[in-house]
1. Within the stretch 1-28, work out how many residues are open to solvent by less than 30 Å² (accessible area, probe 1.4 Å) and at pLDDT 80 or above.
2. Kindly indicate which of Asn121, Asn110 is within 13 Å of the chain's Cα centre (by Cα), modelled with pLDDT of 95 or more and open to solvent by 30 Å² or more (accessible area, probe 1.4 Å).
3. Could you tell me which residue of the stretch 54-90 is nearest to Ser36 (Cα to Cα), considering only residues that are open to solvent by less than 60 Å² (accessible area, probe 1.4 Å) and among the aliphatic types (A, V, I, L, M)?
4. Report whether or not Ser96 is open to solvent by 20 Å² or more (accessible area, probe 1.4 Å), closer than 25 Å to Gly132 by Cα and more than 13 Å from the chain's Cα centre (by Cα).
5. List pairs: first in the stretch 113-129 and of a type in the set (Asp, Glu), second part of a strand (DSSP E or B), Cβ under 6 Å, 6+ apart or cross-chain?
Amino acid sequence: EWKMNKALVVAVAAGSLACVVNAQIAITEGMYSGQSGEYIEFTNISNAPVNMAGWSYDDDSSLPGVLDLSAFGVLQPGQSAIITEALAADFRTAWSLPASVPVIGGYTTNLGRNDQINLFNGVTLVDRLTYGDQNF
């Protein structure tokens, strides 16, 4: 499991990972090979609500529009939303999440040990995380 916070996003932007510091929504947490299912968390790090209509996720093919994130609705400042390979209800139960946390479940294009997470607003890349622990 890995986690990022706003301060780390800024620090990472200066390092080897590609991050957009002024992004409203950021990749903030994830897990591959997790007991309760792989997942990625996105968080509104701005001071204003963000409507996720037209936002999308893709892994290492880096194509906008692959997984539509519009179902997240409007994320309030500080609010997180999750995509997971587990069923949404099962993931909520495993992590004791209330219904107020948006979850898109059943996404089986899994994260690998060496992969990339790409977050798009329309066709614009907003955040990217490339990671690995094998042959990275």
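The values are calculated or read from the model by the stated rules, or taken from the named source; none is laboratory data. What you are looking at is a predicted structure, and each value in this text was computed from that prediction instead of being measured. As a convention, Cβ positions derive from the backbone with ideal geometry for all residues, glycine included, and neighbour counts pool all protein chains shown. Heavy atoms of the whole protein, side chains included, go into the accessibility calculation; ligands, DNA and RNA do not. Shrake-Rupley method; radii C 1.70, N 1.55, O 1.52, S 1.80 Å.
1. Here the count works out to 4.
2. Going through Asn121, Asn110 in turn, just one is within 13 Å of the chain's Cα centre (by Cα), modelled with pLDDT of 95 or more and open to solvent by 30 Å² or more (accessible area, probe 1.4 Å): Asn121.
3. It comes out as Ala86.
4. no
5. Once the first residue is of a type in the set (Asp, Glu) and sits in the stretch 113-129, its partners that are part of a strand (DSSP E or B) give Asp127/Ala26; Asp127/Ile27; Asp127/Leu119.
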